[in-house]
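The structure appears below as structure tokens.
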Amino acid sequence: MITREVPLIFTAGAPGRTGYMPPASDVQEESVDTLIPAAYLRDEAPPLPELSELEVVRHFINLSRLNHAVDVGFYPLGSCTMKYNPKVNEAAAALPGFARIHPYQPEESVQGALAMMWHLGRYLCEISGLHAASLQPAAGAQGELAGLMVIKAYHEAQGAGQQRREVIVPDSAHGTNPASAAMCGYKVITVPSDSQGGMDLEALQAAVGPATAGLMLTNPNTLGLFDANIVEIARIVHEAGGLLYYDGANANAILGISRPGEMGFDVVHFNLHKTFSTPHGGGGPGAGPIVVCKELEPFLPVPVVVKKADDTYALDYDRPQSVGRVRSFYGNFGVLVRAYTYIRRLGPDGLKQVSETAVLHANYLLSKLKPYFDLPYDRVCMHEFVLSGKRQKAKGVRTLDIAKRMLDFGIHAPTVYFPLIVDEALMIEPTETETLETLDAFVEVMTTIAREVEENPEVVKEAPHHTPVGRLDETRAARQPNLRWRPS
Amino acid sequence: MSYIPTTDAERQRMLAEIGVKSVDDLFAEIPSAARLRQPLNLPAGCSEAEVFSHLKTLAAQNADLDTYACFMGGGVYDHLIPAALTDIVSRNEFVTAYTPYQPEVSQGVLQSIYEFQSLICLLTQMDVANASVYDGASACAEAALLACNQTRRGTILMAEGLHPEYRAVVQTYLEQQDLKTVIVPMQNGTINIEALSDLLTSEVAGVIVQHPNFFGNLEAVYDIGKAVHAAGAIYIACVDPISLGVLAPPGAYDADIAVGDGQSLGNQPSFGGPSFGFMAVKEALLRRLPGRIAGETIDHSGRRGFVLTLQTREQHIRRERAASNICTNQALNALCATVYLSLLGKQGLAAVANQCLQKAHYAQKQLCALPGWRAAFSQASFYQEFTLECDHDIDAVNQRLLEHKIIGGLPLARFDQRYANLALFCVTEARTRSEIDRLVDVLRTL
Ligand SMILES: Cc1ncc(COP(=O)(O)O)c(C=O)c1O
């Protein structure tokens with residue numbers, strides 16, 4: 001990483017420079033104000049940067065060098081599944097036959113694209129043990145919203161829409177779960193976790209009833225623990241007339257081992273940008289396809305890719321019970337190409353090995369780190385686990401400090417302060433793609449920091465020391481918002 | 001398996017450290033009813049070379065825009081993409097980073113978001129922008145929800161000239177919260193101002209108008225704005241960012257929220273995604289903006305730096321009371337826009353916008369001179385898209401054009417039977433005069 005500040009793009013360059021121009025126009029030019037009434041024209045060109053191509057390239061390459069990334073180093077960010085993003089996926093998505101096709105081309109001119117989507121939908125059905133897929137949602141949170149809409153439409157079709165107004169989420173849930181339920185017009189009922197970190201069955205029993213539309217659950221949950229009561233949980237919710245929504249953010253633990261369908265779930269979303277290796281792009285694009293059971297299929301968003309009797313593929317809009325559209329066109333297609341490539345590359349054995357290795361790696365780290373940090377739930381974990389910085393907090397060092405100190409060692413920090421039910425949480429997800437050497441080096445860093453907390457807490461509290469900038473003042477950013485550059 | 005580095009010997013070492021005999025023991029907590037007993041029924045895995053060859057075969061079954069001259073728009077546009085852009089946005093330090101949760105090691109992503117927000121504000125002439133949402137449609141939906149929350153009113157008016165798929169998404173989002181959407185009809189290709197006035201009751205939270213509209217036409221954005229504000233509603237303008245190189249920006253006609261899809265700014269068509277949606281608002285609405293926002297701050301020694309800020313709006317803090325559920329957005333696609341606008345700059349963007357305008361008008365004139373083709377809305381001014389009425393079967397015409405390696409105008413019957421016989425053509429700077437002439441020649445011989 002470089003440590004030099006990169007000037008804002010707006011302060012570089014010189015008037016009159018440009019980094020790219022289209023070819024000269026080859027049609028007869030007309031005066032613009034004969035084409036567009038003057039009032040509709042822009043008075044003055046927007047004050048965009050004026051830089052040469054090289055200046056722009058250097059600007060962004062230098063910016064890129066200020067980032068940590070999977071291709072730079074270890075990224076054990078819990079819940080985010082920062083696995084390696086295979087390069088062949090990128091090459092596939094960049095093929096002109098995928099990257100350069102228009103969504104409204106005649107269907108017969110995009111049969112390869114539709115075939116890919118149809119098969120990807122089928123694969124996700126098989127992996128989830130459910131029946132029918134929609135690839136439209138653009139990310140996990142939009143998948144949640146779409147899945148809840150499907151649940152709502154189902155209850156409405158049953159004549160119970162007015163009555164079933166509540167969605168239950170555990171207190172360990174990711175923030176998008178309650179936010180999606182609220183956006184879907186539901187009242188959110190939060191139930192506590194039990195002493196083992198699972199769903200509290202008594203609390204659940206008390207929470208369900210005629211107003212229950214559904215339950216949203218992550219399994220393994222956000223503590224990285226598999227909820228062994230899942231079949232019982234499903235029974236309780238179903239008996240109350242509710243449906244079960246599976247937040248697939250943690251699916252990297254279960255590929256080929258356990259399926260939401262058999263666990264009793266009715267709807268799932270997958271985060272293709274987690275489990276299926278598509279890169280996160282510094283915050284997106286992702287894709288959050290949903291898969292549903294047979295009874296819910298009529299309510300999927302339109303259009304749905306179908307295979308016709310003559311083995312050609314088409315977009316089906318004629319679905320009278322559909323919830324409608326959640327996104328324009330057909331979803332984040334380029335992301336779907338990458339996930340499809342990944343599934344075809346790995347096959348059933350490879351996918352199972354992914355989950356087995358992810359879980360093995362997590363348990364290895366857990367057993368190595370257990371002596372040094374508090375472990376609120378001492379159980380076998382799945383693909384990730386949550387430590388607590390309570391012991392270190394007693395010494396005046398917070399989890400935030402530990403996270404910042406890790407940056408000094410060239411490692412991205414784990415997810416911190418999530419789930420909310422663990423004090424000073426550190427959520428660690430190593431993924432299957434890291435080597436044993438990397439895992440051991442991580443253990444070394446964590447134990448070094450634990451020792452520093454005892455012997456030299458200041459070095460942790462003042463961290464990071466070796467990053468492009470030191471600890472940033474977030475309070476100032478929020479109190480005196482400076483959210484854009486302005487021309488002087 | 002080359003993506004999994006763990007050898008058998010290492011597996012054994014790890015199992016011994018954990019204190020279990022086999023990997024299977026780690027899954028012992030999964031009840032047997034929830035265990036999968038047979039392998040997943042999926043095609044067997046294969047080598048990189050094999051999988052790539054398979055993907056190439058699939059890709060070859062699609063008519064791509066390198067081979068076909070595209071005259072289709074309708075929300076996805078074939079613009080030229082600078083080689084330097086493709087190179088920059090493939091940098092793995094951008095591609096393989098997560099959302100910048102640790103700002104000290106994410107300054108590249110964060111500064112680029114800050115620059116993105118600034119560029120969107122400069123283009124739209126608005127006060128503040130967020131870091132992106134999923135697409136133009138969800139930007140409209142989020143803006144509609146924002147308007148309802150701000151005004152505590154429950155109806156959103158959408159111009160018929162708003163992209164039909166955006167209208168559909170807004171409706172899907174709003175009906176979950178029992179909020180109403182009403183379409184303001186069009187007259188001769190632009191909003192019917194009288195109908196708008198009649199519909200602007202005290203129930204109306206906001207009005208969404210696309211400009212240029214879905215049919216390519218310029219809307220009476222100044223008059224609409226006055227009517228919307230007189231009714232105390234929020235004025236939401238959905239715009240094509242490249243058009244703002246020549247057209248007056250939403251800030252000039254007093255829009256409260258500017259939204260749109262950013263595909264045209266350096267993103268490939270990619271069958272409609274991924275692209276990104278942008279959202280920019282007047283200062284007063286800042287606290288209701290959904291999603292990530294980057295802001296400038298300093299570190300302990302006074303060095304400038306950037307962080308994600310105003311996060312109390314967001315789901316991870318506010319949960320069911322958040323402004324939106326959005327978490328992952330479209331950061332890399334927004335980066336394409338930042339790089340695109342930086343490369344083209346002041347002159348380049350103006351040149352591209354002007355060429356779209358000029359070439360579209362050149363093409364429209366030739367096409368309207370053909371027998372059986374005429375402008376559907378003869379009074380309206382347009383930018384790079386125009387709607388033609390045609391006496392031929394448009395799908396059959398497009399089949400014919402495909403044989404000539406041309407992707408023809410968008411048949412609007414796809415969206416509504418009332419639009420049968422209408423085709424929406426788009427001509428960007430990427431089309432050459434000879435391609436336009438070839439289109440005209442083929443259509444002449446129908
Ligand atoms: C458990 C969980 N659920 C849902 C989400 C939301 O997914 P996305 O960011 O793709 O919208 C996340 C992502 O961070 C997550 O970790």
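The values are calculated or read from the model by the stated rules, or taken from the named source; none is laboratory data. Everything quoted here is computed from the prediction, not taken from an experiment. Don't worry about glycine lacking a Cβ; one is built from the backbone with ideal geometry, like all the others, and counts go over all protein chains shown. The protein model used for the area step is the full one, side chains on, heavy atoms only, and it has no ligands, DNA or RNA in it. Shrake-Rupley method; radii C 1.70, N 1.55, O 1.52, S 1.80 Å.
Summed over the stretch A:342-399, the residues that are open to solvent by less than 10 Å² (accessible area, probe 1.4 Å), in a loop (DSSP other than H, G, I, E, B) and among the aliphatic types (A, V, I, L, M) give a count of 2. If the condition is being within 7 Å of chain A (Cβ to nearest Cβ) and either crowded, with 23+ Cβ neighbours inside 10 Å or part of a loop (DSSP other than H, G, I, E, B) (or both), then the stretch B:302-323 contributes B:Arg303, B:Gly305, B:Val307, B:Thr309, B:Leu310, B:Gln315, B:Ala322.
Going residue by residue through the stretch A:308-325, is there one that turns out to be open to solvent by less than 10 Å² (accessible area, probe 1.4 Å), at the interface with another protein chain (Cβ under 8 Å from one of its Cβ atoms) and at pLDDT 95 or above? No, every residue in the stretch A:308-325 fails to be open to solvent by less than 10 Å² (accessible area, probe 1.4 Å), at the interface with another protein chain (Cβ under 8 Å from one of its Cβ atoms) and at pLDDT 95 or above.
In the set A:Met446, A:Met406, which member is surrounded by 21 or more Cβ atoms within 10 Å (Cβ to Cβ) and more than 10 Å from chain B (Cβ to nearest Cβ)? Give the steps one after another, and end with the answer.
Details: A:Met406 fails: more than 10 Å from chain B (Cβ to nearest Cβ).
Only one candidate qualifies: A:Met446.
Just one of the listed residues (A:Thr341, A:Thr278) is more than 16 Å from the ligand (Cβ to nearest atom) and within 12 Å of another protein chain (Cβ to nearest Cβ), and it is A:Thr341. For the stretch A:226-263, filtered to residues that are crowded, with 24+ Cβ neighbours inside 10 Å and part of a loop (DSSP other than H, G, I, E, B), the residue that is farthest from the chain's Cα centre (by Cα) is A:Gly242. Kindly establish whether A:Val386 is more than 27 Å from the chain's Cα centre (by Cα) and more than 9 Å from chain B (Cβ to nearest Cβ). Criteria not met by A:Val386.
Residue count for the stretch B:242-282 under the criterion of being facing chain A (nearest Cβ under 9 Å), in a strand (DSSP E or B) and over 11 Å from the mean Cα position of the chain (by Cα): the result is 1. Taken together, the residues in the stretch A:143-162 that are within 16 Å of the ligand (Cβ to nearest atom) and within 19 Å of A:Leu315 (Cβ to Cβ) amount to 1.
For the stretch A:434-488, the set of residues classified as in contact (Cβ under 8 Å) with a residue 12 or more places away in the chain, touching a His at 6+ places or on another chain (Cβ under 7 Å) and not in a helix (DSSP H, G or I) consists of A:Glu434, A:Arg471, listed by residue number.
Only one residue in B:Val20, B:Val51 is facing chain A (nearest Cβ under 7 Å) and modelled with pLDDT of 95 or more, so which one is that? Working first, answer last.
Working: B:Val20 fails: facing chain A (nearest Cβ under 7 Å).
Unique residue meeting the criteria: B:Val51.
From the list B:Leu439, B:Leu402, B:Leu344, the lone residue that is more than 7 Å from chain A (Cβ to nearest Cβ), outside any strand (DSSP E or B) and not acidic (Asp, Glu) is B:Leu439.
Among the helices (runs of 4 or more DSSP H) confined to the stretch B:159-233, the ones with at least 1 residues that are under 30 Å from B:His361 (Cα atoms) and within 14 Å of chain A (Cβ to nearest Cβ) are located at B:164-176, B:221-230. Taking the listed residues B:Ser381, B:Ser342, the one that is of a type in the set (Gly, Ala, Ser), in contact with a Leu (Cβ under 8 Å, 6 or more places away or on another chain), closer than 20 Å to B:Gly260 by Cβ and open to solvent by 10 Å² or more (accessible area, probe 1.4 Å) is B:Ser381, with no other qualifying. Would you point out the residue of the stretch A:126-140, among those that are within 16 Å of the ligand (Cβ to nearest atom), open to solvent by less than 10 Å² (accessible area, probe 1.4 Å) and over 15 Å from B:Val169 (Cβ atoms), that is farthest from the chain's Cα centre (by Cα)? If we take residues in the stretch A:126-140 being within 16 Å of the ligand (Cβ to nearest atom), open to solvent by less than 10 Å² (accessible area, probe 1.4 Å) and over 15 Å from B:Val169 (Cβ atoms), then A:Ser128 is farthest from the chain's Cα centre (by Cα). Can you tell me which of (1) part of a helix (DSSP H, G or I); (2) open to solvent by less than 10 Å² (accessible area, probe 1.4 Å) is the one B:Leu388 doesn't meet? Among (1) part of a helix (DSSP H, G or I); (2) open to solvent by less than 10 Å² (accessible area, probe 1.4 Å), the lone unmet condition for B:Leu388 is (1).
Taking B:Gly73 as the residue in question, decide whether it is in contact with a Leu (Cβ under 8 Å, 6 or more places away or on another chain), modelled with pLDDT of 95 or more, crowded, with 17+ Cβ neighbours inside 10 Å and more than 8 Å from every other protein chain (Cβ to nearest Cβ).
In short, yes.
Filtering the stretch A:19-39 to residues that are crowded, with 17+ Cβ neighbours inside 10 Å and either more than 7 Å from every other protein chain (Cβ to nearest Cβ) or closer than 24 Å to B:Ala252 by Cβ (or both) leaves A:Leu35, A:Ile36.
Mind checking which residues of the stretch A:163-182 are more than 13 Å from the ligand (Cβ to nearest atom) and assigned to a loop (DSSP other than H, G, I, E, B)? It would help to see each step written out before you state the result.
If we filter the stretch A:163-182 for residues that are more than 13 Å from the ligand (Cβ to nearest atom), which is where we start, we get A:163-168, A:171, A:182.
Answer for the stretch A:163-182, where residues must be more than 13 Å from the ligand (Cβ to nearest atom) and assigned to a loop (DSSP other than H, G, I, E, B): A:Gln163, A:Arg164, A:Arg165, A:Asp171.
You will find that of B:Arg13, B:Arg35, the residue that is surrounded by fewer than 22 Cβ atoms within 10 Å (Cβ to Cβ) and either within 16 Å of the ligand (Cβ to nearest atom) or within 7 Å of chain A (Cβ to nearest Cβ) (or both) is B:Arg35 and no other. The test for being outside any loop (DSSP other than H, G, I, E, B) and within 8 Å of chain B (Cβ to nearest Cβ) holds for A:Val188.
Considering only residues in the stretch A:40-55 that are more than 7 Å from chain B (Cβ to nearest Cβ) and over 35 Å from the mean Cα position of the chain (by Cα), the one that is least open to solvent (accessible area, probe 1.4 Å) turns out to be A:Ser52. Filtered by the rule that a residue be assigned to a loop (DSSP other than H, G, I, E, B) and at the interface with chain B (Cβ under 7 Å from one of its Cβ atoms), the stretch A:87-137 gives A:Leu95, A:Arg100, A:Ile101, A:His102, A:Pro103, A:Tyr104, A:Gln105, A:Pro106.
Checking each residue in the stretch A:190-211 for being crowded, with 24+ Cβ neighbours inside 10 Å and of a type in the set (S, T, N, Q) picks out no residue at all. Of everything listed in (1) in contact with a Phe, Trp or Tyr (Cβ under 8 Å, 6 or more places away or on another chain); (2) under 30 Å from A:Ala146 (Cβ atoms); (3) open to solvent by less than 10 Å² (accessible area, probe 1.4 Å), the single unmet condition for B:Leu85 is (2). Considering the conditions (1) within 16 Å of the ligand (Cβ to nearest atom); (2) within 12 Å of chain B (Cβ to nearest Cβ), A:Leu244 is excluded by exactly one of them, (2). Of all the listed residues (A:Leu41, A:Leu66, A:Leu77, A:Leu51), the sole one being in contact with a Lys or Arg (Cβ under 7 Å, 6 or more places away or on another chain) and of a type in the set (A, V, I, L, M, F, W, C) is A:Leu51. Within the stretch B:283-301, being assigned to a loop (DSSP other than H, G, I, E, B) and within 18 Å of A:Ala478 (Cβ to Cβ) holds for B:Leu289, B:Pro290, B:Gly291, B:Arg292, B:Ile293, B:His300.
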